[in-house]
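Asks: Got a structure here, written out as structure tokens. Questions coming.
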Amino acid sequence: MSETRGETGSGTEAGARFFCTAGRGLEPFLMREVQARLAATEVEYISGKVFFTTCSDLNMLKKLKSAERLFLLIKKQFPLISSVSKGKLFNEMQRLINEDPGSWLNAISIWKNLLELDAKKEKLSQRDDNQLKRKVGENEIIIAKKLKIEQMQKIEENRDCQLEKQIEEETLEQRGVTTKSKNFQEEFQNDIEKAIDTHNQKDLTFREVGKVIGIAIMKHFGWKADLRNPKLEIFIHLNDVYSVVGIPVFRVPLASRAYIKTAGLRSTIAWAMASLADIKAGAFVLDPMCGLGTILLEAAKEWPDVYYVGADVSNSQLLGTWDNLKAAGLEDKIELLKVSVIELPLPSESVDIIISDIPFGKKFKLGKDIKSILQEMERVLHVGGTIVLLLSEDHHRRLTDCKESSIPFNSKDSHTDEPEIKKCLNPEEKTGASKTVSTSFEARNHEFLDRMSPFGSLLPVECYKVSLGKTDAFMCKYKKSHSSGL
């Protein structure tokens, strides 16, 4: 294997090195967010991941909205060579650990410090809350103490017997755990040796990769594997473009919102759409096809001082939205209407911002109706107002009259541009990397927008191709340039 140059997480005064996974197409949103929310530096991207350095604590890191998961970076380097035999490839994987153990220990130390600092802040917060709640009368305190003394006397009578029994049970349990642990380590070692012996097989499985990395860590650091209740997890992503190793900072993904009871549109996409709309305090924001209200929920959580209205023609969708609003505590922030998107009961030019996921798929064959839907949105939007839409490829084609070859700047092809990936992976070329990437995004965006034809009074401003899992969609922003006369 040729010499590789990699990055490692570091605990310098400048901050720790992290990376987030993101849905394809959301990288520019995440780059802007970490810079604005975390004052991040050295912001770089590769397809599906954004790398950055920040001094922010866990409380601030939890607030990232366009990221799927957050990791503390251990190592980032060029890809392993997959053309060699499986045995040699296993050796290359083991070198991820053995060649630079300092980066592992450094990253783990930062990870522990983050968790400990967060735990201390939580204890201080709980202590402050308890002090505020200590407003009971003197008599109530005396009664409580007497009851506690009586309870302690009863417990004391049987304490010795219970303690002896507990010690006996714990001793037996520890013996059983020790035996199981030894058996597991031996089984794990035997399995990995068998896997290395079968290096002539063509296909490499995830199980084999996990075992190779696991046994290397166990041998080098003396740790024990516990697949059921691990204290530390290791994330490893190997592909033909790069190799990345990191530590998950949170068990629960950032994209899993605790305040959303029933999920609709992916929360990261909904937040990105809201951020694209440039919402300001006092604005009137409308989602005329709100579904389960995910876009409105994400917007209201981030920009609360706004008047939000959600409309939908479906009773079941509105009931789901209402449940979500109650779960999020936003009943008084968002008004719901049961109306058709093509018959909105709103005066012309009365809305500041419209954000909507236009339904598509087998259940929603809108076809040419997409233009009548957009005409009604155009009518209620005031001059200078903004529309942000999530469109299927077919809807987008109908609205823009573009050739299929005219793709947005951040489409799938743009992420595989070799010079940009090398610029991200090469630690010796950090200076100006973020600026170069952003300039590249903007250049492709303007090139694409030049090909787009305006629809009525709505002029295209930005357009992003994003992944929805099995399908792709277009996130498009329009500005109303003049009165539509409708």
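The values are calculated or read from the model by the stated rules, or taken from the named source; none is laboratory data. What you see is a predicted model; the values in this text were computed from it and never measured. Ideal geometry is used to build each Cβ from the backbone, glycine not excepted, and the neighbour counts take in all protein chains shown. Just so you know, the surface numbers come from the protein's heavy atoms only, side chains and all, with ligands and any DNA or RNA stripped out. Shrake-Rupley method; radii C 1.70, N 1.55, O 1.52, S 1.80 Å.
Asks: Could you run the Karplus curve 6.51 cos²θ - 1.76 cosθ + 1.60 with θ = phi - 60° over the stretch 100-111 and give me ³J(HN,Hα) per residue in whole Hz, x for Gly and Pro?
Replies: 9, x, x, 5, 5, 5, 5, 5, 5, 5, 5, 4
Asks: Kindly provide the trypsin sites (Lys or Arg not before Pro) of the stretch 241-272 that DSSP labels as loop, not H, G, I, E or B, and whose Cβ sees at most 14 other Cβ atoms within 10 Å.
Replies: Hits after loop and neighbour filter: Arg251.
Asks: Additional query: Could you tell me which of the pairs Lys280/Lys301; Lys333/Lys480; Lys112/Lys231; Lys62/Lys333; Lys62/Lys224; Lys371/Lys470 are separated by over 20 angstrom between their Cα atoms in the structure shown?
Replies: Checking Cα-Cα distances, Lys333/Lys480; Lys62/Lys333; Lys62/Lys224; Lys371/Lys470 exceed 20 Å.
Asks: While we're on this one: Which log10 I(q)/I(0) values, to two decimals, does the stretch 284-346 give at q = 0.12, 0.15, 0.24, 0.25 Å⁻¹ under the Debye formula with one point per Cα?
Replies: -0.24, -0.37, -0.94, -1.02
Asks: Compute the separation of the alpha-carbon centres of the stretch 376-393 and the stretch 315-351 and state it in Å as a whole number.
Replies: The stretch 376-393 and the stretch 315-351 have Cα centres separated by 17 Å.
Asks: Another question, if that's okay. Can you pull out the trypsin sites (Lys or Arg not before Pro) in the stretch 328-362 that DSSP calls coil and that have at most 12 other Cβ atoms within 10 Å?
Replies: Qualifying residues, ordered by number: Lys362.
Asks: Related question: Roughly how far apart, in whole Å, are the Cα centres of the stretch 207-222 and the stretch 224-248?
Replies: 10
Asks: Shifting gears a bit: Which GluC sites (Glu not before Pro) in the stretch 292-373 pass both tests, a DSSP loop state and at most 13 other beta-carbon atoms within 10 Å?
Replies: Filter output for the stretch 292-373: Glu331, Glu343.
Asks: Taking amide H positions as placed 1.01 Å from N in the peptide plane, with prolines and chain starts having none, which residues 5 or more places from Leu337, or on another chain, fall under 5 Å of its amide H?
Replies: Gly310, Ala311, Asp312
Asks: To continue, here is another question. What does the convex hull of the Cα atoms of the stretch 245-326 come to per residue, in Å³, rounded to a whole number?
Replies: Spelled out: Cα convex hull of the stretch 245-326, divided by residues, is 110 Å³.
Asks: From the phi of every residue in the stretch 377-386, what ³J(HN,Hα) in whole Hz does the Karplus formula 6.51 cos²θ - 1.76 cosθ + 1.60 yield, where θ is phi - 60° and glycine or proline is x?
Replies: Rounded to whole hertz, the list is 4, 4, 5, 7, 7, 7, 4, x, x, 10.
Asks: Quick check on packing: order 219-232, 92-105 by the mean number of other C-beta atoms within 10 Å, highest mean leading.
Replies: Sorting 219-232, 92-105 by mean packing, highest first, produces 92-105, 219-232.
Asks: Can I ask one more? Taking the DSSP beta bridges in the stretch 228-341 as the whole, what percent of them are antiparallel, to the nearest 5?
Replies: 30
Asks: Hey, another quick one. First compute the accessible area of the stretch 256-297 with a 1.4 Å probe, then give the percent of it belonging to carbon and sulfur atoms.
Replies: Exposed carbon and sulfur together represent 56 percent of the surface.
Asks: List the pair-distance distribution P(r) of the stretch 59-119, using every Cα-Cα distance, as the percent of pairs falling in each 5 Å bin from 0 up to the bin containing the longest distance, rounded to whole percents.
Replies: 3, 14, 18, 17, 16, 13, 11, 6, 3, 0
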